[in-house]
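Only one structure is covered here, and it is reproduced in the block below.
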């Protein structure tokens with residue numbers, strides 16, 4: 001019996017994760033969007049820590065520029081996700097505040 005190519009295996013997991021993520025996010029009720037954004041921000045901060053560790057550890061290996069570049073890109077994208085998430089969360093919470101009468 002032949003083994004499955006690791007690339008195909010990882011690609012299949014990635015595609016399944018896309019479908020699961022899509023259906024999970026779009027089935028959330030509006031009342032739960034703010035907590036969902038808070039959890040997404042927490043996950044993104046873990047991604048930043050992991051990317052920084054990967055970029056720092058690659059300095060000891062040959063050809064570490066690929067890991068440094070990927071780590072830098074991961075840090076940048078996760079930072080955009082975190083700050084954008086905070087802005088969206090702030091805007092959503094502002095919708096629940098009572099409006100002042102003039």
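Only the coordinates and a few stated rules stand behind these numbers; no lab work does. Keep in mind the model is a prediction, meaning the values are calculated, not measured. Reconstructed Cβ throughout: ideal geometry from the backbone, glycine too, with neighbour counts over all protein chains shown.
Between residue 57 and residue 36, what is the FRET efficiency for a Förster distance of 35 Å, r being their Cβ-Cβ separation, to the nearest 0.05?
Working: r = 32 Å, r/R0 = 0.90.
It comes out at approximately 0.65.
Tell me, in nm to one decimal, what length is gained between residue 45 and residue 3 on full extension, where the rule is 0.36 nm per residue of separation less the Cα-Cα distance? Display every interim value, and only then the final one.
Details: separation 42, 0.36 × 42 = 15.12 nm, distance 3.58 nm.
Length gained between residue 45 and residue 3: 11.5 nm.
Report, in whole Å, the centroid distance computed from the Cα atoms of segment 1-20 and segment 68-102.
32 Å
Kindly put 87, 52 in sequence by how many other C-beta atoms sit within 10 Å of each C-beta, fewest to most.
Details: 87 11, 52 14.
Result, fewest neighbours first: 87, 52.
If you average the sequence gap of Cα pairs under 8 Å that are 6 or more apart and divide by the length of the chain, what percent do you get for the contact order? Show your work: numbers first, answer last.
Numbers: 54 pairs, mean separation 28.5, N = 102.
Here the relative contact order equals 28 percent.
Based on other C-beta atoms within 10 Å, arrange 102, 68 from fewest to most. Mind dumping the intermediate values first?
Values: 102 3, 68 16.
So the residues, fewest neighbours to most, are 102, 68.
I'm spelling it out carefully: the read-out is Rg/Rh (Cα atoms, Kirkwood Rh), the candidates are [x] 0.92; [y] 1.27; [z] 1.14, and one was derived from this structure. Which label?
So the structure-derived entry is [z].
Where does each of 65, 26 land when they are ranked from fewest to most other beta-carbon atoms within 10 angstrom? Let's see the in-between values first.
Working: 65 10, 26 7.
Sorted ascending by nearby Cβ count, the order is 26, 65.
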